[in-house]
Number of protein chains: 2
Amino acid sequence: MTDRQIKTFMKMAISLAKKGKGKTAPNPCVGAVLTKDGQIVAKGYHRKYGCAHAEVEAITDAKKKGIDTSKCSLFVTLEPCNHYGKTPPCTKAILEAKIKEVYIGTLDPNPKVNGGGAQFLQQQGVKVVYPILEKECQNLIRDFYCWTIQKRPFFYLKLASTIDGKIATSTGASNWISCEKSRKLVHKLRSKVNGVLIGGGTLRKDNPKLTVRLKHTSSTPKAIILTKHLPSNPIQYYLGSKRPQETIFFALQNKDNQKTINSFKNLGIKTILVPEKDNFLDLYKVASWLFQNQYYYILIEGGGFIAQSFFFNHLVDEFWLFLAPKIMGDQAGISSFWGRKANSIQDCLSLKLKKHRKVDQDLLLIFQPRD
Amino acid sequence: MTDRQIKTFMKMAISLAKKGKGKTAPNPCVGAVLTKDGQIVAKGYHRKYGCAHAEVEAITDAKKKGIDTSKCSLFVTLEPCNHYGKTPPCTKAILEAKIKEVYIGTLDPNPKVNGGGAQFLQQQGVKVVYPILEKECQNLIRDFYCWTIQKRPFFYLKLASTIDGKIATSTGASNWISCEKSRKLVHKLRSKVNGVLIGGGTLRKDNPKLTVRLKHTSSTPKAIILTKHLPSNPIQYYLGSKRPQETIFFALQNKDNQKTINSFKNLGIKTILVPEKDNFLDLYKVASWLFQNQYYYILIEGGGFIAQSFFFNHLVDEFWLFLAPKIMGDQAGISSFWGRKANSIQDCLSLKLKKHRKVDQDLLLIFQPRD
């Protein structure tokens with residue numbers, strides 16, 4: 001097989017994997033193809049949590065078509081698992097299908113698997129080649145990396161700002177910085193996450209609904225509010241009065257908040273108290289609680305202090321910036337990121353721009369942390 | 001001739017016009033082609049100020065090739081002139097060449113010409129068609145529009161900012177927000193202008209050279225500083241001590257500055273005093289002086305107050321933003337635009353994003369004012 005063929009087949013496996021993206025949590029999205037005589041003959045991907053793994057899907061697809069899998073090579077974006085989980089190990093299925101060659105995109109970051117699946121297949125006489133298009137394959141499962149290694153949700157951050165980095169005027173006005181099409185994209189992003197997270201300032205200023213306002217969706221991500229002090233009268237807010245069962249407050253572990261908890265409980269609002277860190281909530285504790293309670297994707301929607309806090313704690317995995325072609329010109333306007341002190345440019349946090357595209361008059365920029 | 005042919009020929013004329021861009025001031029850049037039997041047979045453009053106009057260039061090109069111009073159609077991006085200036089009127093050359101058909105991109109905004117050239121040709125029996133690709137042809141001569149109608153230079157603005165709209169830390173540090181390749185582009189832009197303009201704050205904080213640091217260039221744009229109060233000891237700055245003859249200060253018309261002028265004159269530094277407007281210098285007076293003194297292209301390089309003042313006075317024609325993928329997170333950092341009050345998003349100035357492209361890790365965004 002030529003290098004070029006190998007890359008082409010892995011690319012197809014990658015594009016299959018993407019179909020499952022967002023539905024497999026806390027499993028990774030994985031894609032697989034079987035090839036024979038230089039042609040792709042069967043395909044599979046992990047469709048959603050609990051369903052068959054990609055390798056098994058591809059083998060099943062081949063069998064349905066009456067293809068002799070013993071003459072096939074397998075391309076899979078992620079190392080096959082070698083342990084019993086929700087399904088039997090994929091290594092077993094590969095051996096049963098008598099596949100002699102396995103091309104792996106990247107090893108599994110999961111310590112239960114890492115290298116073990118590949119090694120086991122090799123011990124059984126299978127030719128195993130890895131890594132192939134490793135960066136792309138790792139990029140596919142950045143969410144899985146958060147879950148498996150960091151034991152925390154994958155955090156998206158979304159902001160809409162002017163060219164001069166303002167997300168609202170000094171009086172709190174922000175309707176609307178970004179264009180209609182941009183705002184619709186935000187609702188699509190909301191529909192893919194388990195929770196939409198804001199700070200207490202945004203709650204007080206914007207009194208937001210945080211719902212998904214799209215046709216044809218039943219998605220209702222929870223509303224998550226991070227605030228040092230619980231508000232005394234939560235029903236003055238839309239979330240407290242209209243969505244109490246879908247709202248979670250995180251606040252500081254202190255006597256005042258302890259006292260307030262009961263009134264929140266009576267309204268049906270969940271409250272989690274966490275310790276203080278850097279003069280705010282310990283965000284790692286927040287992240288850990290969310291993960292333990294099956295929140296796999298969280299969308300942070302600001303304000304600027306929350307955005308800065310998550311970023312400088314290395315808790316933002318993908319940052320969507322809707323840059324509107326507008327100039328506010330007012331230094332008192334609210335910055336997209338604030339709350340720390342920078343003495344030099346070296347104190348800035350450097351990101352990597354992954355994508356940029358026009359959304360009507362706005363520009364959507366997607367950033368990731370640097371490796 | 002088909003619509004498609006007409007557009008194709010005009011596009012060729014436009015790309016010819018661009019070759020002269022920046023060298024024709026205060027004349028417009030213009031391109032022209034002659035076509036015969038559906039083919040382009042001759043080309044021309046206005047190479048630089050004082051040289052032949054595009055139409056004459058194209059006719060000369062045709063004659064050199066022995067082509068009978070009386071059988072040709074002329075495509076020209078801008079209405080042919082009908083008055084004696086540095087050269088005889090182009091309408092005369094067209095009639096002498098016995099051209100029967102003239103396709104014009106856009107009419108001349110110059111009140112001395114507007115419609116007159118086209119009308120004169122029609123009166124002489126020439127078929128005249130306009131406008132063709134008018135927006136593109138108008139866009140070519142946005143600089144000429146500034147000179148002819150507004151009697152002011154064409155102003156570029158360049159800024160390098162973080163994602164959160166900061167051009168420096170609160171301590172004034174700004175080395176380096178943008179990447180090396182971006183900074184090189186800035187020097188290229190400097191090499192194309194007659195003056196590089198900054199505010200007094202930038203002079204005091206950065207003590208800049210404002211030179212063109214490129215190999216193979218002899219361009220030395222003047223350094224222009226706008227400040228309410230003239231500094232008492234200008235030789236403490238690079239510009240005052242090393243480039244006095246190439247430096248111009250604009251300051252407020254008041255007694256203090258009047259007193260200081262002489263010491264500036266003794267150092268060889270030019271000083272222009274202008275009236276106050278909106279608690280700063282009257283920028284229209286500055287613009288007018290610059291134009292009258294043959295400054296056709298000016299590059300504004302900040303800081304944020306100068307950038308804001310020029311923009312909100314509608315004196316920025318093209319804005320180059322080098323957006324570095326960095327977050328400062330410090331609200332005390334210096335904003336890319338400051339000095340006014342915005343109470344609502346509607347108070348923002350809306351721009352049009354014309355181009356965006358990666359420059360190494362940065363993103364270069366080019367904005368124009370909205371029509």
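The values are calculated or read from the model by the stated rules, or taken from the named source; none is laboratory data. Small disclaimer: the values here were computed from a predicted structure and weren't measured. Every residue, glycine among them, receives a Cβ derived from its backbone with ideal geometry; neighbour counts consider all protein chains shown. Just the protein is used for accessible areas: all its heavy atoms, side chains included, with ligands, DNA and RNA removed. Shrake-Rupley method; radii C 1.70, N 1.55, O 1.52, S 1.80 Å.
Tally up the residues in region A:36-55 that are within 22 Å of A:Asp108 (Cβ to Cβ), touching a helix residue (DSSP H, G or I) at 6+ places or on another chain (Cβ under 8 Å) and of a type outside the set (A, V, I, L, M, F, W, C), please.
Within region A:36-55, residues that are within 22 Å of A:Asp108 (Cβ to Cβ), touching a helix residue (DSSP H, G or I) at 6+ places or on another chain (Cβ under 8 Å) and of a type outside the set (A, V, I, L, M, F, W, C) number 8.
Please find, among A:Lys215, A:Lys228, the residue that is surrounded by fewer than 20 Cβ atoms within 10 Å (Cβ to Cβ) and either modelled with pLDDT of 95 or more or outside any loop (DSSP other than H, G, I, E, B) (or both).
Details: A:Lys215 fails: either modelled with pLDDT of 95 or more or outside any loop (DSSP other than H, G, I, E, B) (or both).
Checking each option against the conditions leaves just A:Lys228.
What are the pairs, 6+ residues apart or on separate chains, where a residue within region A:356-369 that is open to solvent by less than 60 Å² (accessible area, probe 1.4 Å) has its Cβ under 6 Å from a residue that is aromatic (Phe, Trp, Tyr)?
A:Asp362/A:Phe322; A:Leu364/A:Phe322; A:Ile366/A:Trp320; A:Phe367/A:Phe319
Rundown of residues vs (1) of a type in the set (Val, Ile, Thr); (2) in a loop (DSSP other than H, G, I, E, B), yes/no style:
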site	(1), (2)
B:Asn82	no, yes
B:Thr87	yes, yes
B:Asn114	no, yes
B:Leu121	no, no
B:Gly125	no, yes
B:Asp143	no, no
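What are the pairs, 6+ residues apart or on separate chains, where a residue within region A:137-165 that is within 13 Å of chain B (Cβ to nearest Cβ) and in contact (Cβ under 8 Å) with a residue 12 or more places away in the chain has its Cβ under 7 Å from a residue that is among the β-branched types (Val, Ile, Thr) and open to solvent by 20 Å² or more (accessible area, probe 1.4 Å)?
So the pair list comes out as A:Leu159/A:Ile167; A:Ala160/A:Ile167; A:Ser161/A:Ile167.
Just checking, how many residues over region B:231-241 are open to solvent by less than 60 Å² (accessible area, probe 1.4 Å) and either over 15 Å from B:Gly199 (Cα atoms) or of a type in the set (Val, Ile, Thr) (or both)?
Kept after step one, since they are open to solvent by less than 60 Å² (accessible area, probe 1.4 Å), are these residues of region B:231-241: B:231, B:234, B:237, B:239-241.
Next cut, either over 15 Å from B:Gly199 (Cα atoms) or of a type in the set (Val, Ile, Thr) (or both) only: B:241.
The number of residues fulfilling the criteria is 1.
For region B:145-170, enumerate the residues that are charged (D, E, K, R) and either in a strand (DSSP E or B) or at positive phi (or both).
Here is the first cut: in region B:145-170, the residues charged (D, E, K, R) are B:151-152, B:158, B:164, B:166.
B:Lys151, B:Lys158, B:Lys166, listed by residue number.
I'd like to check something: does region A:264-280 contain any residue that is under 22 Å from A:Ile167 (Cβ atoms) and among the basic types (Lys, Arg)?
Taking region A:264-280 and keeping what is under 22 Å from A:Ile167 (Cβ atoms), we get A:278-280.
Filter once more, so that each one left must be among the basic types (Lys, Arg): none.
Scanning region A:264-280, I find no residue that is under 22 Å from A:Ile167 (Cβ atoms) and among the basic types (Lys, Arg), so the answer is no.
Going residue by residue through region B:255-269, is there one that turns out to be closer than 28 Å to B:Phe154 by Cβ, among the aliphatic types (A, V, I, L, M) and not in a loop (DSSP other than H, G, I, E, B)?
no
So is A:Ser218 without any contact (Cβ under 8 Å) to a residue 60 or more places away in the chain and under 27 Å from B:Asp164 (Cβ atoms) or not?
Details: without any contact (Cβ under 8 Å) to a residue 60 or more places away in the chain: yes; under 27 Å from B:Asp164 (Cβ atoms): no.
Taking the combined requirement at face value, the residue does not satisfy it.
Being free of Cβ contacts under 8 Å to residues at least 24 places away in the same chain and open to solvent by 30 Å² or more (accessible area, probe 1.4 Å) is the filter; apply it to region A:308-343 and report the residue that is nearest to the other protein chains (Cβ to nearest Cβ). Don't jump to the end; show me each part of the working.
Pass one, region A:308-343, residues free of Cβ contacts under 8 Å to residues at least 24 places away in the same chain: A:331, A:341-343.
Retained after the next criterion (residues that are open to solvent by 30 Å² or more (accessible area, probe 1.4 Å)): A:331, A:341, A:343.
Values: A:Gln331: 4, A:Lys341: 6, A:Asn343: 6 Å.
Step by step, filter region A:308-343, then rank; the result is A:Gln331.
A:Pro109 - would you say it is under 18 Å from A:Pro26 (Cβ atoms) and not in a helix (DSSP H, G or I)? If you could, list the steps in order and put the result at the bottom.
Values: under 18 Å from A:Pro26 (Cβ atoms): yes; not in a helix (DSSP H, G or I): yes.
So A:Pro109 fits the description; yes.
Answer yes or no as to whether B:Lys135 is open to solvent by 20 Å² or more (accessible area, probe 1.4 Å), of a type in the set (D, E, K, R) and modelled with pLDDT of 95 or more.
Working: open to solvent by 20 Å² or more (accessible area, probe 1.4 Å): yes; of a type in the set (D, E, K, R): yes; modelled with pLDDT of 95 or more: yes.
Against the criterion (open to solvent by 20 Å² or more (accessible area, probe 1.4 Å), of a type in the set (D, E, K, R) and modelled with pLDDT of 95 or more), B:Lys135 qualifies.
Of all the residues that make up region A:37-80, how many are assigned to a loop (DSSP other than H, G, I, E, B) and within 29 Å of the chain's Cα centre (by Cα)? I'd like the intermediate steps shown before the answer.
Of the residues in region A:37-80, the ones assigned to a loop (DSSP other than H, G, I, E, B) are A:37-38, A:46-53, A:65-68, A:72, A:79-80.
So of that shortlist, the ones also within 29 Å of the chain's Cα centre (by Cα) come out as A:46-53, A:79-80.
Selection size over region A:37-80: 10.
Quick check on region B:269-292. Is at least one of its residues more than 28 Å from B:Asn233 (Cβ to Cβ), among the aromatic types (Phe, Trp, Tyr) and either surrounded by fewer than 18 Cβ atoms within 10 Å (Cβ to Cβ) or not assigned by the TED database to the domain that holds B:Ile235 (or both)?
Among the residues of region B:269-292, at least one is more than 28 Å from B:Asn233 (Cβ to Cβ), among the aromatic types (Phe, Trp, Tyr) and either surrounded by fewer than 18 Cβ atoms within 10 Å (Cβ to Cβ) or not assigned by the TED database to the domain that holds B:Ile235 (or both), which makes the answer yes.
Is it the case that A:Gly303 is on the phi > 0 side of the Ramachandran plot and more than 8 Å from chain B (Cβ to nearest Cβ)?
Details: on the phi > 0 side of the Ramachandran plot: no; more than 8 Å from chain B (Cβ to nearest Cβ): yes.
No: the conditions fail for A:Gly303.
Identify the single condition in (1) within 14 Å of chain B (Cβ to nearest Cβ); (2) open to solvent by less than 10 Å² (accessible area, probe 1.4 Å) that A:Val196 does not satisfy, given that it satisfies every other one.
Among (1) within 14 Å of chain B (Cβ to nearest Cβ); (2) open to solvent by less than 10 Å² (accessible area, probe 1.4 Å), A:Val196 violates only (1).
Quickly run through region A:155-187 and pick out the residues that are open to solvent by 10 Å² or more (accessible area, probe 1.4 Å) and within 14 Å of the chain's Cα centre (by Cα).
Correct list: A:Tyr156, A:Lys158.
Would you point out which residue out of B:Gln253, B:Gln245, B:Gln236 is at pLDDT 95 or above and out of contact with any strand residue (DSSP E or B) (no Cβ under 9 Å at 6 or more places or on another chain)? Talk me through it step by step, then tell me what you get.
Working: B:Gln253 fails: out of contact with any strand residue (DSSP E or B) (no Cβ under 9 Å at 6 or more places or on another chain); B:Gln245 fails: out of contact with any strand residue (DSSP E or B) (no Cβ under 9 Å at 6 or more places or on another chain).
Among B:Gln253, B:Gln245, B:Gln236, only B:Gln236 is at pLDDT 95 or above and out of contact with any strand residue (DSSP E or B) (no Cβ under 9 Å at 6 or more places or on another chain).
Among residues belonging to region B:17-36 that are part of a loop (DSSP other than H, G, I, E, B) and polar (S, T, N, Q), point out the one that is modelled with the lowest pLDDT. Give the steps one after another, and end with the answer.
Narrowing region B:17-36 to residues part of a loop (DSSP other than H, G, I, E, B): B:21-30.
Now drop any that are not polar (S, T, N, Q), which leaves B:24, B:27.
Numbers: B:Thr24: 96, B:Asn27: 93.
Among residues in region B:17-36 that are part of a loop (DSSP other than H, G, I, E, B) and polar (S, T, N, Q), the one modelled with the lowest pLDDT is B:Asn27.
Considering only region A:344-355, state which residues are more than 7 Å from every other protein chain (Cβ to nearest Cβ) and either among the aliphatic types (A, V, I, L, M) or open to solvent by less than 60 Å² (accessible area, probe 1.4 Å) (or both).
Initially, region A:344-355 is screened for residues more than 7 Å from every other protein chain (Cβ to nearest Cβ), giving A:346-347, A:354-355.
Scanning region A:344-355 gives a single hit, A:Asp347.
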